[in-house]
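Shown next, in structure tokens, is the structure this report addresses.
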Amino acid sequence: MMKDKISTNREGQVESMKSYYAFQAKIYDATRWTFLYGRNTVLEHIPFPADAPIKILEVGCGTGVNLRKLGQIFPNAELYGLDVSGDMLNQAEKNLSDYEERLTLLEEPYEKGTQYNGQFDVILFSYALTMINPQWQELLEQAPNDLTEHGVVVVVDFHKANVKAYKKFMSSNHVRLDGQLVPYLVKHFDTKFCRIKTGLAGVWDYMMYVGKKK
Ligand SMILES: C[S@@+](CC[C@H](N)C(=O)[O-])C[C@H]1O[C@@H](n2cnc3c(N)ncnc32)[C@H](O)[C@@H]1O
């Protein structure tokens, strides 16, 4: 993995991601399925009927792997994917060409004060929040404003590292593995599904979460 300087202000975080994914976008789909666990499983716990005409936003949609799966599970859903990396979105556009009529891809950061005003039934963060540091909490504070009354937040991500050297390695690749997401989610959303599971050979744990807006 390419290493670069880690910035913590908003502009720095966005620029780090753009430069990190300029190369990673090319190898993302070929490599990430081997260790980004739980992505398909968590989507099966979204509490809407399959034929519901819902509106789904994925924050940090990357190459569109989850939006593709969501499009299959919810054939009447409108799909929105937002990401700061144009390179990842270019891949997403190719991967999601069948969904053109009900897909919107936006190249912008999700942040406090965005104006989506209660329009989404589902907001998904898949392996994005542990890379958005230290702003991840602001994004979760924002999500309820952008959810409908019965909307849900769905999160799948790394939970924590069980091996110090791995935690350090991931931190140098922008990922924070301190078990920070679950306590926040459980406190601020009405939990419908929450699992922490062991990842590769116990080196790290990952988490899956579905919670309704309170
Ligand atoms: C590990 S990838 C996950 C991609 C996809 N969600 C998946 O599960 O395969 C993290 C994605 O989050 C995006 N990202 C990072 N910071 C972001 C921010 N502040 N706003 C929106 N997207 C961001 C990155 O550009 C990258 O595409």
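The values are calculated or read from the model by the stated rules, or taken from the named source; none is laboratory data. In this text, all values refer to a predicted model and were calculated from it rather than measured experimentally. No Cβ is skipped: glycine too gets one built from the backbone with ideal geometry, and neighbour counts run over all protein chains shown. We work out accessible area using only protein heavy atoms, side chains counted, and drop any ligands, DNA or RNA first. Shrake-Rupley method; radii C 1.70, N 1.55, O 1.52, S 1.80 Å.
For the range 23-43, the set of residues classified as away from the ligand (no atom under 11 Å from the Cβ), touching a helix residue (DSSP H, G or I) at 6+ places or on another chain (Cβ under 9 Å) and under 23 Å from Val84 (Cβ atoms) consists of Phe23, Lys26, listed by residue number. The conditions of being without any contact (Cβ under 8 Å) to a residue 60 or more places away in the chain, over 21 Å from Thr148 (Cβ atoms), more than 10 Å from the ligand (Cβ to nearest atom) and open to solvent by 60 Å² or more (accessible area, probe 1.4 Å) are not met by Asp51. Entry remark, the range 59-76: residues being away from the ligand (no atom under 16 Å from the Cβ) and either surrounded by fewer than 23 Cβ atoms within 10 Å (Cβ to Cβ) or in a helix (DSSP H, G or I) (or both) number 2 in total.
Scanning the range 169-205 for residues that are at pLDDT 95 or above, farther than 21 Å from Gln142 by Cα, open to solvent by 30 Å² or more (accessible area, probe 1.4 Å) and not hydrophobic (A, V, I, L, M, F, W, C) turns up Asp178, Arg195, Lys197, Thr198. The sole residue among Ile56, Ile46 that is within 13 Å of the chain's Cα centre (by Cα), more than 12 Å from the ligand (Cβ to nearest atom) and either open to solvent by less than 30 Å² (accessible area, probe 1.4 Å) or closer than 14 Å to Tyr127 by Cα (or both) is Ile56.
To keep it simple, each residue is scored yes or no on (1) more than 21 Å from Leu36 (Cβ to Cβ); (2) assigned to a loop (DSSP other than H, G, I, E, B); (3) out of contact with any strand residue (DSSP E or B) (no Cβ under 8 Å at 6 or more places or on another chain); (4) of a type outside the set (Asp, Glu).
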{"residue": "Asp157", "(1), (2), (3), (4)": "no, no, no, no"}
{"residue": "Met170", "(1), (2), (3), (4)": "no, no, no, yes"}
{"residue": "Lys192", "(1), (2), (3), (4)": "yes, no, no, yes"}
{"residue": "Met207", "(1), (2), (3), (4)": "no, no, no, yes"}
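Could you say whether any residue in the range 106-116 is open to solvent by less than 20 Å² (accessible area, probe 1.4 Å), more than 20 Å from Asn145 (Cα to Cα) and free of Cβ contacts under 8 Å to residues at least 40 places away in the same chain? No, the conditions are met nowhere in the range 106-116. Taking the condition open to solvent by less than 40 Å² (accessible area, probe 1.4 Å), at pLDDT 95 or above and on the phi > 0 side of the Ramachandran plot, does Gly81 pass? The answer is no for Gly81. Beta carbons closer than 8 Å, at least 6 apart along the sequence or on distinct chains, pair a first residue in the range 87-103 that is touching a residue at least 40 places away in the same chain (Cβ under 8 Å) with a second that is part of a helix (DSSP H, G or I) and acidic (Asp, Glu) for Gln91/Asp29; Asn95/Asp29.
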